[in-house]
1. Looking at the stretch 92-103, can you tell me whether even one residue there is in a loop (DSSP other than H, G, I, E, B) and out of contact with any strand residue (DSSP E or B) (no Cβ under 6 Å at 6 or more places or on another chain)?
2. Being at pLDDT 90 or above, crowded, with 17+ Cβ neighbours inside 10 Å, out of contact with any Leu (no Cβ under 7 Å at 6 or more places or on another chain) and not β-branched (Val, Ile, Thr) narrows it down to one of LEU128, LEU141, so name that one.
3. Quick check on ALA62: is it in contact with a helix residue (DSSP H, G or I) (Cβ under 6 Å, 6 or more places away or on another chain), at pLDDT 95 or above and under 19 Å from THR210 (Cβ atoms)?
4. Out of the stretch 157-190, which residues are over 19 Å from ALA111 (Cα atoms) and either of a type in the set (A, V, I, L, M) or at pLDDT 95 or above (or both)?
5. Looking for something of a type in the set (S, T, N, Q), in contact (Cβ under 8 Å) with a residue 12 or more places away in the chain and under 20 Å from GLU222 (Cα atoms) - is there at least one such residue anywhere in the stretch 75-88?
6. Quick one: PRO118 ticks every box in (1) touching a residue at least 60 places away in the same chain (Cβ under 8 Å); (2) within 27 Å of ILE181 (Cβ to Cβ); (3) not hydroxyl-bearing (Ser, Thr, Tyr) bar one, so which box is it?
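The values are calculated or read from the model by the stated rules, or taken from the named source; none is laboratory data. Owing to the predicted nature of the structure, the values given are computational and were not obtained by experimental measurement. So basically every Cβ, Gly included, is an ideal-geometry build from the backbone, and we count neighbours across all protein chains shown.
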Amino acid sequence: MTRIAIVGDHRPDHETHAATSAAIAHAATRLGVDADAAWIPTESLPGRAAEVLAPFAAVWIAPGSPYRSMQGALDAVTHARTSGMPLLGTCAGFQHVVVELARSLPGMADAAHAEYDPGAAQLVVDELACSLAGSAMDVDLLEESVAARAYGRRRTTERYYCRFGLNPQYVAPLDDAGMVISGRDAAGEPRVVELPGHPFFVATLFVPQTASTAAEPHPLVEAFVAAAHRRSGA
């Protein structure tokens, strides 16, 4: 059994939440993997992420911010990053991955997210000039990135639900720290990030799970579930 933790505050009536659970099932069926996905409330994780996530092979940081516990989501990202646990972050997951990576850098312990603290001095995640909610846009993928290999192509079109993204001011220090922007939109804005050398650590500002179907599982979700399965058998 491949167990996947979905970190977020589950709302059954939320379109992206229903799509997250369904996309894992679609991918598992395509791969022939026996997978079980469980939602983990963010409030259960502060200071306990390693313990709570120990039974799982991978973690998906789900849409739906502001979370009840921002720290819980960040602790889940830290655990995945430092333990080699496969991670996929989508929408709010992307935003919290960026904040967690920034807070791991010298001098950026106070890196903040504008949805929680709009007056903070280091707004690594800030409100976008134009909301992407409801948009479908092309994304160009970096050759040989984890994302490009998952898709099997260099361009994709994806849907967004968000109003917040990576503040361009902080791209350079995050790049220097090893984060790779592996997907950009037509304007060059970051839409996919990943960590080279990690078994699977990918975050997208778009929401790939909403495009997944039983007949056509989303390729990025399929790659994530495959990484989870590899870890569960390790």
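1. no
2. LEU141
3. It is true that ALA62 is in contact with a helix residue (DSSP H, G or I) (Cβ under 6 Å, 6 or more places away or on another chain), at pLDDT 95 or above and under 19 Å from THR210 (Cβ atoms).
4. Passing the criteria: SER182, GLY183, ARG184, ALA186, ALA187.
5. No, because not a single residue in the stretch 75-88 is of a type in the set (S, T, N, Q), in contact (Cβ under 8 Å) with a residue 12 or more places away in the chain and under 20 Å from GLU222 (Cα atoms).
6. (1)
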